[in-house]
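Notes for the one structure printed next.
The values are calculated or read from the model by the stated rules, or taken from the named source; none is laboratory data. Quantities reported herein were computed from a predicted structural model and do not represent experimental measurements. Cβ placement follows ideal geometry from the backbone for every residue including glycine, while neighbour counts extend to all protein chains displayed. Accessible surface is based on the protein model in full, side chains and every heavy atom, while ligands, DNA and RNA are left aside. Shrake-Rupley method; radii C 1.70, N 1.55, O 1.52, S 1.80 Å.
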Amino acid sequence: MIKNEYKVIGVMSGTSLDGIDLALVTFNYNTNWTFKIDKAETIAYPEKWITALKSLVDYTKIELQDLDRDYTLYLAEIIQHFITKNDIKTIDAVCSHGHTALHRPDEGLTYQIGNLDILATQLQQTVVCDFRVQDVAFGGQGAPLVPIGDELLFNNYDYCVNLGGFANVSTIINSKRIAFDICPVNIVLNAYVSKLGLAYDDEGALASKGTINKELLNVLNTLQFYKETYPKSLGLEWVKYEVFPLINEYNLSVEDTLRTVVEHIAIQISKVINITTNNSVLITGGGVFNTFLIHRIKTLSNNTIVIPSKDIIEYKEALIFAFLGVLKLRNETNCLSSVTGANKDHSSGKIFGFKP
C-alpha cells in the first residue's frame, strides 16, 4: 500500500567486515523525501564470522549455499535482538543488503548471502532484500546502489563519497546521476593492520608514521581499473588477485604499506572529485574516522570536504538500503541505469512477506 510514512529497519554488512549496521528509520514523503534515524547500532562480527566472510571467494557452490543458510539465521538473530532491545512494536519491513559473497557482474554473477526467505519467517516481518541480482540480469554492474539515496535524500551535495571496504562516488554529470567504485580502502588497510593484531588503524596513526614507497604507489596508481570508464565496480576477488599480490612483492613494514596505500586512496579520490572545483563533497563511512586519510584527501582536493553527523557517517548505507526497500514496496525506481549500466531504470529487490 502506497502511503506517506514508513518505518523500516535497514541492515548493511560491508566488505570491510567491521560489523552489521542496523538503523531504524522513519521516512516521510511530501513532495520530497525526508528521513529520521530513530535508532542505530553496529554489531561487531565474532572471529568465527570474520574468518568465514574473508574466505567467501574460496568456497564451493555447495559450501556457499550452506553458509548462506547459516548466515541468514545469524542475521535473523542479530535483527531480532535489535528489535527486542529497542522495543520496536511495528515496522513496515526489514530491508537488508546481506553480505556480498561473489561479485563478477561482467560474468553476469553477483551473490549476496543472508537474503533467503527464511529471514522473513524467522523475524515474522516483511523482508525486502537481494537488491543487486536483478540489475546484473539487466546487464548492469549491480553496484553501486546507494546513489538513488544521494539523488533523493542528499542532493544538496555536489559529490557523495563513501569510504568503506571500497570508496565509491556519486554525482551529477550532464544532468544524470552517475556513480562508481573508486578504489579499495578499508578492505586493504584493515588487512595489513591485522598483522599487528589490530582491527583497524586508529585515526591513521600507524600510516602517518610510515614512508611512501614511490615505486609501489606508481604501480597501484596504474592498475587497469583506474583507466576504465564508469559504470564500474570492485569486489573482493579483484583485491585478492590484483592488489594484495602487488603489495606483497615489496615486503614493506606495516607502517610503510599503510602510508603508501593511504596516499594511493587519497590520489584516486582527489582525481575524481577534482574534475570540478568549488563544490561540496560529503564523505561518509568508517574511513572518515581515519583522520590521517581525511587530511590527505583534503590536502589534494580543490573542493570543500564536508564531514556530517556521526549517525550519517556510520549509518548512511544502512539508511539508504532501508530507503531502497521503501521504494521497492512502492514499486518505484530504486536502481538507476545511468549508475549501473543496466538497460533500464528499475525497482530492484525481492519482497518476502511473512505468512503466519
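General observations
- Residue of LEU223, LEU293, LEU153 that the Gaussian network model of the chain assigns the largest fluctuation, springs spanning Cα pairs under 10 Å: LEU223
- Those lysines that a straight Cα-Cα span of less than 26 Å connects to LYS39, excepting residues fewer than 8 apart in one chain: LYS3, LYS7, LYS85, LYS89, LYS310, LYS316, LYS328, LYS350
- Three-way shape call for segment 108-214 based on the alpha-carbon gyration tensor, with the a/c threshold at 1.5: oblate
- Between VAL306 and ASN155, the contour length at 0.36 nm per residue exceeds the Cα-Cα span by 53.0 nm.
- Low-density loop cleavage sites - chymotrypsin sites (Phe, Trp or Tyr not before Pro) in segment 316-356, where at most 11 other Cβ are within 10 Å (DSSP): none
- Whole-percent carbon and sulfur share, accessible surface of segment 221-274, 1.4 Å: 49 percent
- Per residue, the solvent-accessible area of the chain (1.4 Å probe, heavy atoms of protein chains only, all protein chains present) comes to 43 Å².
- Gyration tensor verdict on the chain (Cα atoms; rounded if a/c is under 1.5, prolate if a/b is larger than b/c, oblate otherwise): prolate
- Of the DSSP H helices in the chain, those with a Cα length along their own long axis of 24 Å or more and a mean Kyte-Doolittle hydropathy reaching 0.5 comprise 254-273, 310-329.
- Site pair ILE88 and ALA44 shows an inter-label distance of 2.3 nm when each label is modelled 7 Å from Cα along Cα→Cβ.
- Stretching ILE118 away from TYR226 to a fully extended chain increases their span by 34.9 nm, per 0.36 nm per residue minus the current alpha-carbon distance.
- The apolar share of the surface of segment 71-208, taken as the fraction of accessible area on carbon and sulfur atoms (1.4 Å probe, ligands and nucleic acids excluded), comes to 46 percent.
- Solvent-accessible area of GLU203 with every protein chain in place, 1.4 Å probe, in Å² to the nearest 10: 110 Å²
- Projected label distance in nm at ASN32 and ASN279, using a 7 Å step from Cα toward the beta-carbon: 1.9 nm
- Tensor-based shape of segment 109-172 (alpha-carbon gyration tensor, a/c under 1.5 rounded, otherwise prolate or oblate): prolate
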